[in-house]
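Remarks on the structure that follows.
The values are calculated or read from the model by the stated rules, or taken from the named source; none is laboratory data. Remember, it's a predicted structure, so these values are computed and weren't measured experimentally. Don't worry about glycine lacking a Cβ; one is built from the backbone with ideal geometry, like all the others, and counts go over all protein chains shown.
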Amino acid sequence: MSPAKTRKLAAVTASAGCILAAALLLTAPAAEAARIERACLKSDRSAASAPLCNCIQRVADQILTGSDQRLAAKFFSDPQRAQDVRQSDSASHSAFWRRYKSFGQTAQKVCR
């Protein structure tokens, strides 16, 4: 193979690698996305609907971090966990609970 063809092949391979890396970076958060929406839809609450759960997720995306959302999503299947976090003496749980309370109040107003 000529040096010119080798350089061209290397450039194409590098470009493909960059595209693949970008695709992986962009899809990884998508796998994490909608965690609260999925938990809401799976819940046994009679009011749970696709539009409502989607609205709640949009509010969560504005107020809660990804870590907050992972924890909050667990509350749908384990309400006792919410009580445990709320009553915890942990500073991080207290900070989370303030954000979670703000999220709940905002979702209640926005998602009616």
Which one of 83, 69, 87 is among the polar types (S, T, N, Q) and closer than 17 Å to residue 40 by Cα? 69
Count of segment 34-67 residues which are closer than 25 Å to residue 94 by Cβ and of a type in the set (Lys, Arg): 1
What do you reckon, is residue 48 modelled with pLDDT under 95 and surrounded by 15 or more Cβ atoms within 10 Å (Cβ to Cβ)? yes
Given (1) free of Cβ contacts under 8 Å to residues at least 40 places away in the same chain; (2) under 19 Å from the mean Cα position of the chain (by Cα); (3) under 15 Å from residue 103 (Cα atoms), identify the lone condition not met by residue 86. (2)
Can residue 86 be described as assigned to a helix (DSSP H, G or I), surrounded by fewer than 17 Cβ atoms within 10 Å (Cβ to Cβ) and touching a Lys or Arg at 6+ places or on another chain (Cβ under 8 Å)? no
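If you scan segment 40-62, which residues turn out to be more than 17 Å from residue 112 (Cβ to Cβ) and in a helix (DSSP H, G or I)?
First, pick out the residues of segment 40-62 that are more than 17 Å from residue 112 (Cβ to Cβ): 41-44, 61.
Of everything in segment 40-62, those that are more than 17 Å from residue 112 (Cβ to Cβ) and in a helix (DSSP H, G or I) turn out to be 41, 42, 61.
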Picked from segment 51-70 (must be in contact with an Asp or Glu (Cβ under 9 Å, 6 or more places away or on another chain) and not hydrophobic (A, V, I, L, M, F, W, C)), the residue surrounded by the fewest Cβ atoms within 10 Å (Cβ to Cβ) is 66
